[in-house]
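The values are calculated or read from the model by the stated rules, or taken from the named source; none is laboratory data. As the structure is a computational prediction, the values presented were derived from the model and not from experiment. Cβ: placed from backbone, ideal geometry, glycine included. Neighbour counts: every protein chain shown. Ligands, DNA and RNA are stripped out before the accessible areas are found, and what is left, the full protein with its side chains, is counted by its heavy atoms. Shrake-Rupley method; radii C 1.70, N 1.55, O 1.52, S 1.80 Å.
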Amino acid sequence: MRLLSWALAKIRGKAPPPGSDILGAATLPWTGGVPAEALELSQALEGLQLKPYADAGGVWTIGYGSTRDLAGKPVTASTPAITKAQAEAMAERDLQHAAKLVAETFPEGLPPRWAAALILMANNLGDIRKWGGSLKFMVDGKQWGEAAYQMRKYRMAAGVPLLGLVRRRWTEAAYASGYSASEAKRRAWAEIKTLDDWPRLPGDPRPAQKNTA
């Protein structure tokens, strides 16, 4: 399922600027708010569930991946079912909060695709300043290849590494590195079969693999 045009209208409040791609990927640096790129990436990764469910890490979730209901209370097994409109409202709230955290962490701005990837990570993991010191250092230094590779480390839920989170992190890293959201997700689920898999991306700091054929 996809987040819909409500997000562009409500969150951005204006049409995409000239020089943008089909989803409004602005050519100017992102300095705050929820960019269209974050919506595109969310569309690729999130599904819609109108009843509460336990995610792969055992966290009760509803809507487009929200862990808190409309009143701000944690979702539980007894949380009532919601409507699509309510799911959209919670998604808007969650992405706005995550975007605020990322903007505070990188006040000088970011490339829009990197802003999108970090907003989704903040929505999933919380304030990057609390968990992503090394990643922040690399992004601040514009070490994009190293930063994309660093993202593989953030794959834990309740202290346990999860294959689904490895795939999610690679999708985010690949999108930030220039892949379309749909192609990044397709490759993540097709090529990542173990917790150690991490297909190469542009600027990958690992030594190039030798062809032994």
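Observations on the model:
- A simple rule links phi to the HN-Hα coupling: the Karplus curve 6.51 cos²θ - 1.76 cosθ + 1.60 with θ = phi - 60°, which for segment 147-156 gives 5, 4, 5, 4, 5, 5, 6, 8, 10, 9 Hz, with x for Gly and Pro.
- Under-5 Å amide H pairs with residue 68, H placed in peptide plane, nonlocal only: 75
- Simple spin-label estimate for residue 142 and residue 51 gives 5.2 nm between the two label positions (7 Å along the Cα-to-Cβ direction from each Cα).
- Estimated translational D of segment 103-174 in µm²/s (Stokes, Kirkwood radius over Cα pairs; 25 °C; 0.890 mPa s): 200 µm²/s
- Its Kirkwood hydrodynamic radius, worked out from the mean inverse distance over all distinct Cα pairs, puts segment 149-209 at 11.7 Å.
- Amide H contacts under 5 Å for residue 30, placed H, 5+ residues apart: 110
- In the full protein context, segment 75-188 carries 42 Å² of accessible surface per residue, based on a 1.4 Å probe and ignoring ligands, DNA and RNA.
- The chain - Rg over Rh from alpha carbon coordinates, Kirkwood radius: 0.96
- Put a dot 7 Å past the Cα of residue 191, heading toward its Cβ, do the same for residue 153, and the two dots end up 2.3 nm apart.
- For residue 132, no residue has an amide H sitting under 5 Å from its own, ignoring neighbours fewer than 5 places away on the same chain, with H placed 1.01 Å from N.
- Cross-link pairs beyond the 19 Å C-alpha cut-off, checked among 51/73; 100/130; 51/130; 100/136: 51/130
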